[in-house]
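A short write-up of the structure that comes next.
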Amino acid sequence: MAKVAISGYYGFKNFGDEAILSVLVNHLKALGADVTVFSSDTKFTTDTYNVNSVKRFDIHSVVKTIKNSDILISGGGSLLQDTTSLKSIIYYLFIIALGILFSKKVIIFAQGIGPINNLFAKFITKNLLKLCSYVSVRDQNSYNLLKNWNVDVKLVCDPIYSVNVPYSDTTGIIGIQLREFKTMNYNLIHKLAMLVASKFTNYKVKIFSLQETQDLDLAKQFEHLLHTLNSEISTDIITDDIIENLSKLEYLIAMRFHALLVAMKAGVKSCAINYDIKVEKLANDASIPEISMDASENFEEIFDALKNLNKDDLLRFANSKSFDWTDFDNLF
């Protein structure tokens with residue numbers, strides 16, 4: 001039985017990262033692996049996935065776990081970037097370096113690499129990735145970057161493409177998903193609320209919080225603004241059963257990559273709010289409308305583009321991608 005340690009943004013109850021971990025753990029268990037996850041909330045991780053878990057910043061336990069493992073997996077998600085913070089990328093690079101130091105098989109799993117602006121972090125990332133057993137990335141820009149660095153890399157789709165999402169032909173429900181971000185501004189929120197209040201007057205509005213620390217306060221603000229603009233509008237803030245609730249929408253306007261991806265797998269007509277390059281790329285690949293963070297677009301045109309999307313086209317796009325486990329499995 002292979003002993004596997006997993007490093008990522010886990011235990012923070014972020015929908016996208018937890019969904020990736022679920023896919024990864026289920027696959028590893030099918031391979032017969034003994035799994036330990038580095039987590040910020042070990043009880044949540046252990047109870048949710050039935051795996052071993054150690055505190056991500058308990059360095060003694062982290063070092064011991066890696067030393068006693070056969071394989072270290074870093075990912076998925078966008079771990080190796082310094083947009084969030086320099087401290088973040090240094091932490092994940094430190095974990096990877098430990099795996100290499102202890103001569104473990106190190107897997108970079110379906111990550112998005114960059115942007116990395118700090119020259120030291122860029123140098124360390126480039127040289128550590130060259131020493132890993134298997135490197136896979138989930139987008140073309142990351143693939144091109146690593147190829148330019150002469151890293152042996154494979155391009156895969158996001159693991160969430162492999163999640164089964166129920167198709168529902170529900171009508172009359174629109175979903176809104178926002179998250180705190182440094183470029184978030186009142187103009188965007190106000191214009192979006194005006195669009196919903198004027199164009200979706202007979203719709204039930206579900207406002208999604210996919211990570212309480214980043215989404216919930218903003219969800220409540222948006223709900224209050226909607227009721228100010230239209231006191232008759234019906235709203236719910238959704239924090240649980242995210243996949244089921246996303247699948248039952250007719251429309252979705254969202255910031256988060258995985259909210260959009262899950263919705264399109266259910267044929268939900270979707271519009272992206274472009275706060276990050278990964279969301280912009282998904283919108284372009286899926287041919288769905290997008291709104292910039294400065295909300296400079298004509299929202300009448302956005303509404304028309306959203307309304308005129310074809311559900312079958314969205315389903316075809318989402319179902320055209322299949323996660324390839326072949327090279328990953330060969331390491332076990």
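The values are calculated or read from the model by the stated rules, or taken from the named source; none is laboratory data. These numbers come from a predicted model, not from an experiment. So basically every Cβ, Gly included, is an ideal-geometry build from the backbone, and we count neighbours across all protein chains shown. Side chains included, ligands, DNA and RNA excluded: accessible areas come from the protein's heavy atoms. Shrake-Rupley method; radii C 1.70, N 1.55, O 1.52, S 1.80 Å.
State whether one or more residues within the range 169-181 are open to solvent by 10 Å² or more (accessible area, probe 1.4 Å), within 18 Å of VAL279 (Cβ to Cβ) and of a type in the set (Ser, Thr, Tyr).
First, pick out the residues of the range 169-181 that are open to solvent by 10 Å² or more (accessible area, probe 1.4 Å): 169-173, 179-181.
When the remaining residues are screened for being within 18 Å of VAL279 (Cβ to Cβ), the result is 179-181.
This time we only want the ones that are of a type in the set (Ser, Thr, Tyr), so: none.
Looking through the range 169-181, none of the residues is open to solvent by 10 Å² or more (accessible area, probe 1.4 Å), within 18 Å of VAL279 (Cβ to Cβ) and of a type in the set (Ser, Thr, Tyr).
Please find, among SER53, SER69, SER74, SER88, the residue that is open to solvent by less than 40 Å² (accessible area, probe 1.4 Å) and either in a helix (DSSP H, G or I) or at pLDDT below 95 (or both). If you could, list the steps in order and put the result at the bottom.
Working: SER53 fails: either in a helix (DSSP H, G or I) or at pLDDT below 95 (or both); SER69 fails: either in a helix (DSSP H, G or I) or at pLDDT below 95 (or both); SER74 fails: either in a helix (DSSP H, G or I) or at pLDDT below 95 (or both).
None of the other options fit; the residue is SER88.
Can you pull out every residue in the range 245-279 that is at pLDDT 95 or above, charged (D, E, K, R) and open to solvent by 30 Å² or more (accessible area, probe 1.4 Å)?
LYS248, GLU250, LYS269
Conditions (1) touching a Cys at 6+ places or on another chain (Cβ under 6 Å); (2) assigned to a helix (DSSP H, G or I); (3) over 21 Å from LEU178 (Cα atoms), marked per residue:
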{"site": "ASN245", "(1), (2), (3)": "no, yes, no"}
{"site": "LEU260", "(1), (2), (3)": "no, yes, no"}
{"site": "SER270", "(1), (2), (3)": "no, no, no"}
{"site": "VAL279", "(1), (2), (3)": "no, yes, no"}
{"site": "LYS321", "(1), (2), (3)": "yes, no, yes"}
{"site": "ASP327", "(1), (2), (3)": "no, yes, yes"}
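Within the range 30-50, take every residue that is in a loop (DSSP other than H, G, I, E, B) and under 20 Å from VAL106 (Cα atoms) and give me the one that is most open to solvent (accessible area, probe 1.4 Å). Quick ask: steps written out before the conclusion?
Filtering the range 30-50 down to residues in a loop (DSSP other than H, G, I, E, B) leaves 31-33, 40-41, 50.
Those left that are additionally under 20 Å from VAL106 (Cα atoms): 31-33.
Values: LEU31: 74, GLY32: 31, ALA33: 15 Å².
Checked the range 30-50; the qualifying residue most open to solvent (accessible area, probe 1.4 Å) is LEU31.
From the set of residues in the range 281-315 that are among the acidic types (Asp, Glu) and part of a loop (DSSP other than H, G, I, E, B), which is least open to solvent (accessible area, probe 1.4 Å)? Working first, answer last.
Residues of the range 281-315 among the acidic types (Asp, Glu): 285, 290, 294, 297, 300-301, 304, 312-313.
Now drop any that are not part of a loop (DSSP other than H, G, I, E, B), which leaves 294, 297.
Numbers: ASP294: 94, GLU297: 50 Å².
It comes out as GLU297.
Test LEU192 against the stated conditions and say whether it is closer than 25 Å to ASN298 by Cβ and free of Cβ contacts under 8 Å to residues at least 60 places away in the same chain.
Numbers: closer than 25 Å to ASN298 by Cβ: yes; free of Cβ contacts under 8 Å to residues at least 60 places away in the same chain: no.
So LEU192 fails the test.
Filter the range 207-243 down to the residues that are part of a helix (DSSP H, G or I) and among the charged types (D, E, K, R), then identify the one that is least open to solvent (accessible area, probe 1.4 Å).
Here is the first cut: in the range 207-243, the ones part of a helix (DSSP H, G or I) are 212-229, 242-243.
Checking the rest, the ones that are also among the charged types (D, E, K, R) come to 212, 215, 217, 220, 223.
Details: GLU212: 133, ASP215: 0, ASP217: 106, LYS220: 106, GLU223: 43 Å².
In this case the residue turns out to be ASP215.
Which pairs turn up if I take residues in the range 258-273 that are farther than 15 Å from SER287 by Cβ and in contact (Cβ under 8 Å) with a residue 40 or more places away in the chain and look for partners that are β-branched (Val, Ile, Thr) and not in a helix (DSSP H, G or I) with beta carbon separation below 9 Å, at least 6 apart in sequence or on another chain?
If the second residue must be β-branched (Val, Ile, Thr) and not in a helix (DSSP H, G or I), the pairs left are VAL262/VAL163; VAL262/VAL165; VAL262/VAL268; LYS265/VAL163; LYS265/VAL165; ALA266/VAL165; ILE273/ILE253; ILE273/ILE291.
Could you say which residue among GLU280, GLU297 is free of Cβ contacts under 8 Å to residues at least 12 places away in the same chain, under 22 Å from SER78 (Cα atoms) and out of contact with any helix residue (DSSP H, G or I) (no Cβ under 7 Å at 6 or more places or on another chain)?
Result of the check over GLU280, GLU297: GLU280.
Please enumerate the residues belonging to the range 143-165 that are open to solvent by less than 70 Å² (accessible area, probe 1.4 Å), under 16 Å from LEU261 (Cα atoms) and assigned to a loop (DSSP other than H, G, I, E, B).
VAL156, CYS157, ASP158, VAL163, VAL165, listed by residue number.
Between residues in the range 317-332 that are of a type outside the set (Phe, Trp, Tyr) and residues that are open to solvent by 80 Å² or more (accessible area, probe 1.4 Å), which pairs lie under 6 Å by C-beta distance while being six or more apart or on different chains?
From residues that are of a type outside the set (Phe, Trp, Tyr), the pairs are LEU331/LYS105.
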